[in-house]
Amino acid sequence: MALIPEEMFADRIDGPEFGKDTAIYKFEKIKRAKAAFKEAHPDVEILDFGVGSHDGLAPESSRESLKRHVDNPECNDYADNGIIEFQRAAAMYMKRAFGVPLPGNDSGIKNYLVHSIGSKDALHLLPACFVNPGDASVMTVPGYGVMGTWTEYFGGKKLTVPLLEKNGFLPNLTVLRNTVEKFNEREDTGRVKLVYLNYPNNPTGADAPQEFYDDVVGMAHDLGFIIAHDAAYAGINFQEETTSPLLSDRGMDCTLAMYSMSKMGNEIPWRLGWVVGHPRFMAAYAHVKDNANSGQSPFIQRGACDTLNNFPHITPQITEKYHRRLLGMADVLNDNGFDVKMPGGTFFMYVPAPVSIDGVSMEGVPDLANPGKLLGPAEAASQVLLRDGISTVPWDDAGAYLRFSATFDSGERNKLIGCAEADERVLSELYIRLGRHNFEF
Ligand SMILES: Cc1ncc(COP(=O)(O)O)c(C=O)c1O
């Protein structure tokens, strides 16, 4: 048999059609538009509210700790599903930051909490643990789609429920119940195994109240599904109350919650997080993980222990910085006619996109990158803003919204907190550039 590349690709990635799709997607279009702006206006700064990652370095003491542990012979090995020092620090953090109690002894901690190579990695492993061909996962839209994609890779079905502003960007519980029940009733399918929740939420910035989690936990027991709770932004929230499905009555029995060092410690490239849940389900995660990777390096885990042990020193400072910036962004956007509400958490401000800019409707705008297609209204608006060097991320999945991120570069990259004066410079420039337009909403 000859080696014909087209015949080699699995159907889950489009089989013989793999790599032939010429459509240009949202983030690539943004990248190209930014490059075009830079070339046309080399001296004009791009105000980049599109980036989704922090602009500061990890805390100094954590970086120092990581460096020290590179020389530690104990860290010179595979971590596999350990190391206990990180598990202890994460368990303690769960208690202190979120009020989630975990066992105090090492064997108990190991049963309830295992590290991940970041939330993304954990999300891609969950379908391998639970989804048989014909089963389904429910995903919220707009959102971070990794678990849905891997559900489909495993022959499962991705069901979606929208996050709408009128519901506080929470899934409507009746819609969620109907979605699960309708799928489970069908004779030709398996059942809904996983329901994805992500709060604080990317991109909407919404946080979820405890009553919402109580209701979903009740539904999980009633209908028999696992809540896959993506808590990648946990800690970056602006509410008094800490909420989690793990805090609901019987929440620990039906939830796998994924936490991450990425946002709450400015440690995105460290690729480290942890999963918490009932030992019965955690055993499946640990088993699949063990067959997928050999764990994050022990010196990275040791460095991250410093961040966790320094709570409440680190994350609240990072959160304060985003809060300061979000307040400034809200003022500028509101003054220009946008209807901005402060997010409950994350560093994202999710605002309704204008329906017209300078008298031109954002509906029916041709997509020049994909001939024959139209842009969604939010994407059309984002392209107009980009012509003025303002980069945002458009979402047209459930209403038309622009996401402005508080991770913009104010010229103080690498500082943990940065200063208000540096933010002010960027925000004043945003004010001037938005002021050139006439927005209608
Ligand atoms: C909602 C959400 N979940 C998970 C992730 C991945 O986080 P990590 O860096 O822990 O893999 C991201 C990253 O942006 C995210 O926005």
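Before moving on, here are some points about what is shown:
- Å² of accessible area per residue within the chain, as computed with a 1.4 Å probe and no ligands counted: 44
- Working value for the range 312-391: equivalent-ellipsoid semi-axes of 31, 15, 10 Å, each the square root of 5 times a Cα gyration tensor eigenvalue, largest first.
- Rounded FRET efficiency, nearest 0.05, which uses the C-beta distance separating Asp106 from Asp358 and R0 of 60 Å: 0.40
- Projecting the Cα atoms of Leu194, Phe98, Phe86 onto the dipole axis of the chain, where Lys and Arg carry +1 and Asp and Glu carry -1 at the beta carbon, places Phe86 farthest toward the positive end.
- Compared with the alpha-carbon gap, the fully stretched path from Val44 to Ile4 is longer by 9.6 nm at 0.36 nm per residue.
- Low-density loop cleavage sites - GluC sites (Glu not before Pro) in the range 169-229, where at most 13 other Cβ are within 10 Å (DSSP): Glu187
- The range 118-270: proportion of alpha-carbon pairs further apart than 26 angstrom, %: 20
- Cα Rg, Dmax (largest Cα-Cα span) when computed across the range 198-348, Å: 17.3, 53
- When the helices of the chain are scored as -39500 (n - 2.57) per DSSP H run of n ≥ 4 and the total is divided over every residue, the value at 222 nm lands at -12500 deg cm²/dmol.
- Extension gain, Phe154 to Lys34: 0.36 nm times the residue separation minus the Cα-Cα distance gives 39.6 nm.
- Couplings for the range 326-335, taken from phi via the Karplus curve 6.51 cos²θ - 1.76 cosθ + 1.60 with θ = phi - 60°, read 5, 4, x, 5, 4, 4, 5, 5, 4, 5 Hz in order; Gly and Pro are left as x.
- Within a Gaussian network of the chain (alpha carbon springs, distance under 10 Å), most fluctuating of Val114, Val195, Val70: Val70
- The range 72-136: proportion of alpha-carbon pairs further apart than 20 angstrom, %: 44
- When only the Cβ of Lys, Arg, Asp and Glu is charged (+1, +1, -1, -1), the dipole of the chain relative to its Cα centre reaches about 460 debye.
- Rounded, prolate or oblate (a/c below 1.5 giving rounded, otherwise prolate when a/b exceeds b/c) for the range 1-122 by Cα gyration tensor: oblate
- Calculated diffusion of the chain, Stokes-Einstein form, Kirkwood radius summed over Cα pairs, 25 °C and 0.890 mPa s, µm²/s: 106
- Difference of contour (0.36 nm per residue) and Cα-Cα distance, Asp188 to Glu241: 14.8 nm
- In this rough spin-label picture, where each label sits 7 Å from Cα along the Cβ direction, the Asp14-Glu60 distance is 4.9 nm.
- Amide H within-cut-off set for Ile226, under 5 Å, with H built and near neighbours excluded: Leu194, Val195
- For the options Leu125, Leu375, Leu256, a Gaussian network treatment of the chain with springs between C-alpha atoms closer than 10 Å singles out Leu375 as fluctuating the most.
- Within the range 1-49, the GluC sites (Glu not before Pro) that combine a DSSP coil assignment with at most 14 other C-beta atoms in a 10 angstrom radius are Glu45.
The values are calculated or read from the model by the stated rules, or taken from the named source; none is laboratory data. Source: prediction; values computed, not measured. Ideal geometry is used to build each Cβ from the backbone, glycine not excepted, and the neighbour counts take in all protein chains shown. Areas reflect the complete protein model, heavy atoms only, side chains present, ligands, DNA and RNA absent. Shrake-Rupley method; radii C 1.70, N 1.55, O 1.52, S 1.80 Å.
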